[in-house]
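Student: Got a structure here, written out as structure tokens. Questions coming.
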Amino acid sequence: LQSTEEAGARKISISVAYSDETGTPIPDITSMAQGTDFTAKVTITHLKEEQRTYNEIALDQIFPSGWEILNHRLDGTNPGGDRPEYQDIRDDRVYTFFDLQYGKSMTFNIRLNASYQGRYYLPAVSAHAMYDNGIYARNTGKWVNVVPAEGQ
């Protein structure tokens with residue numbers, strides 16, 4: 001279901017980038033060939049508005065139903081990026097929890113596969129302090145397509 005979220009940020013920023021298995025950036029994820037493995041790289045940055053650590057940040061990532069999460073705990077791979085305090089990987093979403101030091105950035109990688117052909121909605125990615133409503137960042141969602149791979 002398409003949401004009506006708006007991009008916004010206060011005290012932290014968020015950026016999301018996608019890359020293929022070799023690390024080459026994918027500038028446009030709105031159309032992916034079925035069977036493509038790729039990585040979502042989310043970076044959260046402390047904007048130095050307050051000289052303190054922001055504790056208990058929650059990063060929420062919900063993925064389109066045409067994409068599957070490649071759970072590194074099951075396949076033994078290392079997705080790279082920073083190590084969270086805790087990470088909850090579900091069928092269609094990943095919740096990541098961490099503290100963000102003053103002036104620092106943290107990056108979390110999730111490996112994905114464009115599995116099922118069709119048009120799907122990619123919801124916004126958001127991060128927020130669990131106990132302080134004044135610390136948050138989010139982007140907007142978009143429609144994505146999983147198209148037949150060449151030769152199919």
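Student: Filter the range 36-93 down to residues that are within 19 Å of residue 111 (Cβ to Cβ) and of a type in the set (Phe, Trp, Tyr) and give me whichever is surrounded by the fewest Cβ atoms within 10 Å (Cβ to Cβ).
Tutor: This residue is 86.
Student: Of everything in the range 19-30 that's of a type in the set (Asp, Glu) and assigned to a loop (DSSP other than H, G, I, E, B), which residue is farthest from residue 133 (Cα to Cα)?
Tutor: Among them, the one singled out is 21.
Student: Please work out which residue is nearest to residue 114 (Cα to Cα), limiting yourself to the range 66-102 and to residues that are among the hydroxyl-bearing types (Ser, Thr, Tyr) and part of a strand (DSSP E or B).
Tutor: If we take residues in the range 66-102 being among the hydroxyl-bearing types (Ser, Thr, Tyr) and part of a strand (DSSP E or B), then 95 is nearest to residue 114 (Cα to Cα).
Student: Also, I was wondering about something else. Check residue 140 against each of (1) among the polar types (S, T, N, Q); (2) in contact (Cβ under 8 Å) with a residue 24 or more places away in the chain; (3) farther than 18 Å from residue 15 by Cα and name the one condition it does not meet.
Tutor: So the condition that residue 140 fails would be (3).
Student: Moving on to the next point. Suppose we filter 26, 89 for residues that are free of Cβ contacts under 8 Å to residues at least 24 places away in the same chain and in contact with a helix residue (DSSP H, G or I) (Cβ under 9 Å, 6 or more places away or on another chain); which single one remains?
Tutor: Answer to the check: 89.
Student: So how many residues does the range 116-139 have that are β-branched (Val, Ile, Thr) and under 15 Å from residue 16 (Cβ atoms)?
Tutor: Within the range 116-139, residues that are β-branched (Val, Ile, Thr) and under 15 Å from residue 16 (Cβ atoms) number 1.
Student: Return yes or no: is residue 107 more than 15 Å from residue 13 (Cα to Cα), open to solvent by less than 40 Å² (accessible area, probe 1.4 Å) and not in a loop (DSSP other than H, G, I, E, B)?
Tutor: Against the criterion (more than 15 Å from residue 13 (Cα to Cα), open to solvent by less than 40 Å² (accessible area, probe 1.4 Å) and not in a loop (DSSP other than H, G, I, E, B)), residue 107 does not qualify.
Conditions tested, residue by residue: (1) in contact with an Asp or Glu (Cβ under 9 Å, 6 or more places away or on another chain); (2) assigned to a strand (DSSP E or B); (3) among the hydrophobic types (A, V, I, L, M, F, W, C); (4) within 20 Å of residue 134 (Cα to Cα).
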| residue | (1), (2), (3), (4) |
| --- | --- |
| 4 | no, no, no, no |
| 14 | no, yes, yes, yes |
| 17 | no, yes, yes, no |
| 32 | no, yes, yes, no |
| 42 | no, yes, yes, no |
| 45 | no, yes, no, yes |
| 55 | yes, yes, no, yes |
| 58 | no, yes, yes, yes |
| 64 | yes, no, no, no |
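Student: Tell me, which residue of the range 110-126 that is under 14 Å from residue 41 (Cβ atoms) and outside any loop (DSSP other than H, G, I, E, B) is most open to solvent (accessible area, probe 1.4 Å)?
Tutor: Here the answer is 111.
Student: Test each condition in (1) under 15 Å from the mean Cα position of the chain (by Cα); (2) over 20 Å from residue 19 (Cβ atoms); (3) open to solvent by 30 Å² or more (accessible area, probe 1.4 Å) for residue 102 and report the one that comes out false.
Tutor: Only one criterion is unmet by residue 102, namely (1).
Student: Read through the list (1) out of contact with any Lys or Arg (no Cβ under 7 Å at 6 or more places or on another chain); (2) modelled with pLDDT of 95 or more; (3) more than 23 Å from residue 148 (Cα to Cα), then give the number of the only condition that residue 71 fails.
Tutor: Failing condition for residue 71: (2).
The values are calculated or read from the model by the stated rules, or taken from the named source; none is laboratory data. Source: prediction; values computed, not measured. No Cβ is skipped: glycine too gets one built from the backbone with ideal geometry, and neighbour counts run over all protein chains shown. All accessible areas refer to the heavy atoms of the entire protein, side chains included, with ligands and DNA or RNA removed. Shrake-Rupley method; radii C 1.70, N 1.55, O 1.52, S 1.80 Å.
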